[in-house]
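The values are calculated or read from the model by the stated rules, or taken from the named source; none is laboratory data. All of these numbers come straight from a predicted model, not from anything done at the bench. Counting neighbours? That spans all protein chains shown, and the Cβs are built from the backbone with ideal geometry, glycine included.
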């Protein structure tokens, strides 16, 4: 479960009653009704230090499918079923990951070969974000120097030479082209066509 009402919902269904105001592992029972209680372990992660950035809890039970469904019905009286990718969406909206990392989570789930998983893990680790972040900082730095030179054009002050500005921008362009070319090549490798062999061995 994830959301601001997570501690309150747990408090209503869990025995013995806890306030769930601290991160940790809590063992007890989930009350289905006055007669039926299911042994459970709850892992509590309070926001913003959680995957979604919200108060989050995992409920672990060991029971038959029919009992699991009863527990879910008990929870759905106070909550709703998350949509596909909703936990990752909440993590993105709460600033816990950038867009490329959110995409990487989807690729990890959908990955069908080692190359796909390797590419997704690099995205998830923030490699793309780090690289583009460095390029952005370099662009902002050279832009600020160029603007400062324009502001003081009448003064005998040189913040950056024309040649240095050209060299810096050319280097940034080369890095972007390399990044784009590498991404296209990697896409071609990880989405290789499936081939079926038919006939007698």
Inset, instruction - Spot the failing condition for residue 151; the list is (1) over 17 Å from the mean Cα position of the chain (by Cα); (2) modelled with pLDDT under 80, and only one is missed. - result: (2)
Inset, instruction - Name the residue, out of 24, 53, 3, that is on the phi > 0 side of the Ramachandran plot and surrounded by fewer than 17 Cβ atoms within 10 Å (Cβ to Cβ). - result: 24
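Could you tell me whether the stretch 135-148 includes any residue that is under 25 Å from residue 88 (Cβ atoms), over 20 Å from the mean Cα position of the chain (by Cα), outside any loop (DSSP other than H, G, I, E, B) and at pLDDT 80 or above? I'd like the intermediate steps shown before the answer.
Going residue by residue through the stretch 135-148, those that are under 25 Å from residue 88 (Cβ atoms) are 136.
Subset that is over 20 Å from the mean Cα position of the chain (by Cα): 136.
Subsequent filtering for residues that are outside any loop (DSSP other than H, G, I, E, B) retains 136.
Adding the requirement that they be at pLDDT 80 or above leaves 136.
The answer is yes, given that some residue of the stretch 135-148 is under 25 Å from residue 88 (Cβ atoms), over 20 Å from the mean Cα position of the chain (by Cα), outside any loop (DSSP other than H, G, I, E, B) and at pLDDT 80 or above.
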Legend entry - Test: residue 88 is free of Cβ contacts under 8 Å to residues at least 40 places away in the same chain and touching a helix residue (DSSP H, G or I) at 6+ places or on another chain (Cβ under 7 Å): yes
